[in-house]
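Structure first, then comments.
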There are 2 protein chains.
Amino acid sequence: MKWKISSCIMVLMLVGGVAWGNDDIMSQAQMTFKPVPAKPPVLKNNPATPQKIELGKMLFFEPRLSSSNLISCNTCHNVGLGGVDIQETSTGHGWQKGPRNAPTVLNSVYNLAQFWDGRAEDLAAQAKGPVQASVEMHNTPERVVETLKSIPGYLPLFTKAFPRDKDPITFDNMAKAIEVFEATLITPDSRFDSYLKGNRKALAAKEREGLKLFMAKGCSVCHNGINIGGAGYFTFGVKENPAANVRPTEDLGRFKVTNTAADKYVFKSPSLRNIELTPPYFHSGKVWKLSDAVKIMGTAQIGISINEDETDKLVAFLLTLNGKQPKVVYPIMPPNSDSTPKPLL
Amino acid sequence: MKWKISSCIMVLMLVGGVAWGNDDIMSQAQMTFKPVPAKPPVLKNNPATPQKIELGKMLFFEPRLSSSNLISCNTCHNVGLGGVDIQETSTGHGWQKGPRNAPTVLNSVYNLAQFWDGRAEDLAAQAKGPVQASVEMHNTPERVVETLKSIPGYLPLFTKAFPRDKDPITFDNMAKAIEVFEATLITPDSRFDSYLKGNRKALAAKEREGLKLFMAKGCSVCHNGINIGGAGYFTFGVKENPAANVRPTEDLGRFKVTNTAADKYVFKSPSLRNIELTPPYFHSGKVWKLSDAVKIMGTAQIGISINEDETDKLVAFLLTLNGKQPKVVYPIMPPNSDSTPKPLL
């Protein structure tokens, strides 16, 4: 489902100012949002097997995918920290700062595309980006394959994960394995999901008030579906330009992907799942307080001032979106051989 | 058990040139080495409880113990990579290079003291070092405590781990919790340990030959006990100074701890457990091939040239020291609050 600005405004008008009862809130919520499923989705063209998931987990934690041997996927997408790094923008090779805040890996399989600007169509395409980015893992596909082939323990693992491939250790297969592992990093069973399944008591009165405001004010126009976000692209600053530190002028967002004027400052709406765990907020990572982020959204996106009481309720609702965090057994990675490339620092 | 150089040379003379049969090799090995126990030792003054171990695990993986929010204990002592970082010397805050190779955390509880120069008497004392080192995690005890106290989820965890303390979130308790977790990171059940327990077939003929050489040449004078090392301090260069890149002249080793002339270039003998997993070797981390390290030990420590065939056998023996790696479920760390200090970069 892709939303564009025009439909966004239309729905805003439709939902504005409606008064609902308690049952109406639940049924409206059930039409707008979906619980995180108990099991990961089946990926097209990349079927999951236990062997592929296990390999993908290993590669997700594998710092030797970076030229320094220091940075793994988990460095910026820490599975124990809500799938993020608690940095404004990520820190990579040589302590360089990346241009944008690291989006959470949790539930990312439910986004319509990956990265803030949606430039990767899926998690496999995404996984190849940071490995090669000079400010992130600073490696090359050739060197990654050379490294993985030099580590004797990887060949049997790739062979089991990709049994039809004659030469299974490839950059593409690395990405595919990481994708199937990342697809398992979902967080079902939040209190809000329990509510969506019909358990009204799962939310306290204040949290239900927050939910009501979330829908009535129009937040759910861009933040809906399974991920309460992640399903469409929207201008950051529909109604009013955010402050220049929050929306740096030089980052034109999706414009860089589509080269279309209307896509200037357009970004994928982020998922609000586990939002308490993932400060700081926005692609710039300049906003640390969730309440501040809520107010900025009000002025920038909806053109309203959200008062303290409303903010309080909206934040209370947002805190019900913490799901059950993934249980990951730390992988034991196979050792170097004498021919494994040395770290570049 | 503390060995000094004089006793080292004496034992070298005692064991030199003895011819042994197969039974003699096993009984000699059983007198010299001990298997890694199945369970961690009881720590004096720091009893382990499940709650304290769980907290310690969380803190071991907690990047917010570093001022940047980027570096945890696990960054340099990666439990999935033999407890090390596969760097010559560790990389820390601001991409600075530390002065020495990161020793493995695995089985470190069995060392007589911690760090290459033994300056920390136990793992709790050790844990405080890197947190404060400007080239490592670059933090202060005050800021660590402020951070941990600002994260609401930590108070109940510290309270459960230290039920007698009125104000349980302290720098000392952080270190104690990390210590009890690290003490669980032991690697029993190596093939060599099976051999030590009487299973002669656990080692192939070539590996037994390597073991025989290891004892006959005198390697086991410094590398014995549970950790096959880690039990004493020895001059690096008893017989001949190693090349200046392998033993940099500016690192005077234990001399900096004791200020005693005899301790110049003295280091704790490292454990050889899981040695295949922990390149590069020596405190300088300048030697990547295990076979090269073996030859350097021959000339520098024993004053002999170890030929290719002997090196081959010694390496074959050393590869039998890989134990069962620890199974660690990745901890889910509690989220920031609005008052949590922001990362310093």
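The values are calculated or read from the model by the stated rules, or taken from the named source; none is laboratory data. In this text the structure is predicted, and so the values were computed from the model without any measurement. Every residue, glycine among them, receives a Cβ derived from its backbone with ideal geometry; neighbour counts consider all protein chains shown. Calculation scope for accessible area: heavy atoms of the full protein, side chains included, ligands and nucleic acids excluded. Shrake-Rupley method; radii C 1.70, N 1.55, O 1.52, S 1.80 Å.
Test B:K289 against the stated conditions and say whether it is farther than 30 Å from B:S150 by Cα, open to solvent by 20 Å² or more (accessible area, probe 1.4 Å) and within 13 Å of chain A (Cβ to nearest Cβ).
So B:K289 fits the description; yes.
Within the stretch A:74-114, can you find the residues that are touching a Ser or Thr at 6+ places or on another chain (Cβ under 8 Å), open to solvent by less than 30 Å² (accessible area, probe 1.4 Å) and outside any loop (DSSP other than H, G, I, E, B)?
A:C76, A:V84, A:T91, A:H93, A:S108, A:Q114 - these are the residues of the stretch A:74-114 that are touching a Ser or Thr at 6+ places or on another chain (Cβ under 8 Å), open to solvent by less than 30 Å² (accessible area, probe 1.4 Å) and outside any loop (DSSP other than H, G, I, E, B).
Filter the stretch A:28-39 for residues that are open to solvent by less than 80 Å² (accessible area, probe 1.4 Å) and more than 17 Å from A:A231 (Cα to Cα) and give the result.
A:Q28, the sole residue that qualifies.
Out of B:D117, B:D167, I need the residue that is charged (D, E, K, R), open to solvent by 40 Å² or more (accessible area, probe 1.4 Å) and either part of a loop (DSSP other than H, G, I, E, B) or within 14 Å of another protein chain (Cβ to nearest Cβ) (or both). Which one?
Result: B:D167 is the single residue among B:D117, B:D167 that is charged (D, E, K, R), open to solvent by 40 Å² or more (accessible area, probe 1.4 Å) and either part of a loop (DSSP other than H, G, I, E, B) or within 14 Å of another protein chain (Cβ to nearest Cβ) (or both).
(1) open to solvent by 40 Å² or more (accessible area, probe 1.4 Å); (2) within 14 Å of chain A (Cβ to nearest Cβ); (3) within 21 Å of B:S90 (Cα to Cα): which one isn't true of B:L319, the others all being true?
The failed condition is (3).
Take the residues in the stretch B:52-73 that are among the hydrophobic types (A, V, I, L, M, F, W, C) and over 18 Å from the mean Cα position of the chain (by Cα), then tell me which one is surrounded by the fewest Cβ atoms within 10 Å (Cβ to Cβ).
Among those residues, the one meeting the criterion is B:I53.
Name the single residue that is farthest from A:K268 (Cα to Cα) among those in the stretch A:79-89 being at the interface with chain B (Cβ under 9 Å from one of its Cβ atoms) and small (G, A, S).
Step by step, filter the stretch A:79-89, then rank; the result is A:G80.
Sort out which residues of the stretch B:79-106 are among the polar types (S, T, N, Q) and within 12 Å of the chain's Cα centre (by Cα), and write them in order of number.
B:N101, B:T104
Being modelled with pLDDT of 95 or more and either among the basic types (K, R) or in contact with a His (Cβ under 7 Å, 6 or more places away or on another chain) (or both) is the filter here; which residues of the stretch B:7-52 pass it?
Listed by number, the residues that qualify are B:K34, B:K39, B:K52.
Of the conditions (1) more than 10 Å from chain A (Cβ to nearest Cβ); (2) closer than 25 Å to B:S194 by Cβ, B:Q301 fails just one. Which one is it?
That leaves (2) as the condition not met.
For (1) touching a residue at least 60 places away in the same chain (Cβ under 8 Å); (2) of a type in the set (V, I, T); (3) more than 30 Å from B:I151 (Cα to Cα), each residue gets a yes or a no:
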{"residue": "B:Y281", "(1), (2), (3)": "yes, no, yes"}
{"residue": "B:T299", "(1), (2), (3)": "yes, yes, yes"}
{"residue": "B:G303", "(1), (2), (3)": "yes, no, yes"}
{"residue": "B:V315", "(1), (2), (3)": "yes, yes, yes"}
{"residue": "B:G323", "(1), (2), (3)": "yes, no, yes"}
{"residue": "B:Y330", "(1), (2), (3)": "yes, no, no"}
{"residue": "B:M333", "(1), (2), (3)": "yes, no, no"}
{"residue": "B:S337", "(1), (2), (3)": "yes, no, no"}
{"residue": "B:T340", "(1), (2), (3)": "yes, yes, no"}
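Tell me whether the stretch B:55-78 contains one or more residues that are more than 8 Å from chain A (Cβ to nearest Cβ) and closer than 26 Å to B:N224 by Cα.
Checked the stretch B:55-78: at least one residue is more than 8 Å from chain A (Cβ to nearest Cβ) and closer than 26 Å to B:N224 by Cα.
When residues of the stretch A:238-280 are filtered for being of a type in the set (D, E) and farther than 20 Å from A:A113 by Cα, how many remain?
So the count comes out to 3.
Residue check: is B:D338 within 14 Å of chain A (Cβ to nearest Cβ) and under 24 Å from B:A202 (Cβ atoms)?
Judged against the criteria, B:D338 is not a match.
Quick check on the stretch A:266-286: of everything there that is hydroxyl-bearing (S, T, Y) and surrounded by fewer than 24 Cβ atoms within 10 Å (Cβ to Cβ), which residue is farthest from the other protein chains (Cβ to nearest Cβ)?
It comes out as A:S284.
Go through (1) more than 20 Å from A:I86 (Cα to Cα); (2) in a loop (DSSP other than H, G, I, E, B) one by one and return the number of the condition A:F234 breaks.
For A:F234, the exception is condition (2).
At negative phi, at pLDDT 95 or above and buried (at least 21 other Cβ atoms within 10 Å of the Cβ): does that describe B:V145?
Here the answer is no, as B:V145 does not meet what is asked.
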